[in-house]
Amino acid sequence: MKLFKNILATICLLTFTGFSTIQAQLSEGTMTLEITDVTSDNPQVAAMSDMMKGNQTVVYFKDGTSLTKMNMMDGMIKIDVRVDSEENTDMLMEMMGNKMWVAATKAENDRMKAENDNPLEEMEISYDEGDTKEIAGYDCYKMIVTFPDADNASLEAYITEGLKINAPVIQGVELEGFKGFPLEYTFNNGMMNITVTTASLETTVDASVFDLNTSGFQKMTMQELMDMMGGMGGSFGF
């Protein structure tokens, strides 16, 4: 249970603070990402892998606003993250019967980033434009990322320069430094290898999806959420 809370707490903090904008062509659509493989040398994490495989994340984006909807652990955890065009954020989280709403302005998010150490902040990036793949109808090429401040962390991805999205899709990893948006990636966070691929990418989106229903959710700060989860027995490091 403690390991589960560690993973969840890290996802919450880094999802809420780890978004950035990719400037490219397509600026409106609906993307479905799916976890296709999870491996780990840790027996506890490996035992959870079947619960993670097949989990999908749906990203809606339009006019500089994005909504990322995550459904994890067979519905045990649901997280919605909306980022508006000015990089203000709202996160709705449902977990173990609790419904929580964390809202923050861009200034608050920037302060949170400055106050919390992110070992994935520093990146060394290389590209192999000769290694190509077509994903969801887009031509992609390979990108390799290492993180000098994070032991054993790495990212291999196939990126396209044809998207413009400000959605958090890789926890803790700022996408601004990438030449394109990752439509498929394998991320090693030092605890597990997770492979995610784009299952579908539509060029339309219903604008009403960005209207969040916060009824029944307890509004709190990110620090209050972390304190609550700490009380459940979790901690917040990698």
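Could the peptides 96-108, 206-218 be put in order, highest first, of the mean number of other beta-carbon atoms found within 10 Å of their residues?
Final packing ranking: 96-108, 206-218.
Would you kindly derive the ³J(HN,Hα) couplings of the stretch 38-55 from the backbone phi angles with the Karplus curve 6.51 cos²θ - 1.76 cosθ + 1.60 (θ = phi - 60°), listing them in order in whole Hz, with x for Gly and Pro?
Running phi through 6.51 cos²θ - 1.76 cosθ + 1.60 with θ = phi - 60° gives 9, 9, 7, 7, 7, x, 5, 5, 4, 5, 8, 4, 5, 6, 8, 4, x, 4 Hz.
Would you pull out the residues with amide H under 5 Å of residue 55's amide H, same chain only if 5 or more places away, H placed 1.01 Å from N?
35
Quick one: putting +1 on the C-beta of Lys and Arg, -1 on the C-beta of Asp and Glu, what dipole do you get for the stretch 20-111 around its Cα centre, in Debye to the nearest 20?
160 debye
For a 29 Å ceiling on Cα separation, which of these pairs sit above it: 78/142; 53/142; 113/133? All intermediate terms of the calculation are to be shown ahead of the outcome.
Numbers: 78/142 31 Å; 53/142 23 Å; 113/133 34 Å.
Listed pairs above 29 Å: 78/142; 113/133.
Rule-based calculations on the coordinates, nothing more; no lab input. Small disclaimer: the values here were computed from a predicted structure and weren't measured. When we count neighbours, we look across all protein chains shown, and the Cβ atoms used for this are built from the backbone with ideal geometry, even at glycine.
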